[in-house]
Amino acid sequence: MLFPGSRQRFSATRQLRATGFVLPLALSASSLLLLSSASIHTLSLQRRLRLQASIEREQVADQLRSAAQAFTTMASGAEACLLLWPSVEWALRQDSCSGAELSSLLEGTVADQPWQLLSWQPGPGSGDLRLALADGRRAKFRLVLSADGTQILGISDVQLIGRDAAEPFS
């Protein structure tokens with residue numbers, strides 16, 4: 001049995017329930033879109049930062065390669081005989097190498113970027129060269145030597161190395 005006003009109330013209640021779900025659905029959908037666009041934006045920023053870091057790393061490696069090339073250029077002539085000994089002994093052995101200019105092997109400048117020798121350690125047929133730029137970035141190279149050890153025949157790829165633990169951060 002239906003009462004005359006109950007049908008209208010039932011219909012009005014049903015209509016209110018039907019229209020009440022649209023707003024929460026719209027809010028949920030817009031929130032989802034906002035979150036997904038924020039995620040895409042974050043991924044884009046991360047990719048750009050990785051690309052910038054990669055470019056900077058390559059530029060530093062190139063600067064250090066240039067410094068290693070400058071070292072090999074300076075380590076010819078009278079200075080070549082110093083390659084037979086570790087760099088810690090060069091000051092003691094400088095008299096053994098007539099005309100050798102020790103300071104040219106210890107530091108230099110390439111494209112307005114100062115560099116300095118950290119260490120040279122000769123071995124049979126090769127030697128380990130460690131260089132640092134003025135800003136503290138460092139690298140290690142393996143240099144191929146001639147049989148007598150006084151001529152550099154080749155340079156390995158750059159191996160970037162970290163800062164010394166005792167060195168303060170800039």
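The values are calculated or read from the model by the stated rules, or taken from the named source; none is laboratory data. Here the structure is a predicted model, which means the values were calculated and not measured. The accessibility values were calculated without ligands, DNA or RNA, using every heavy atom of the protein model including side chains. Shrake-Rupley method; radii C 1.70, N 1.55, O 1.52, S 1.80 Å.
Straightening the chain between Q121 and A91 buys 9.3 nm, computed as 0.36 nm per residue apart minus the Cα-Cα spacing. Excluding ligands, DNA and RNA, the accessible surface per residue across the stretch 84-170 is 60 Å² with a 1.4 Å probe.
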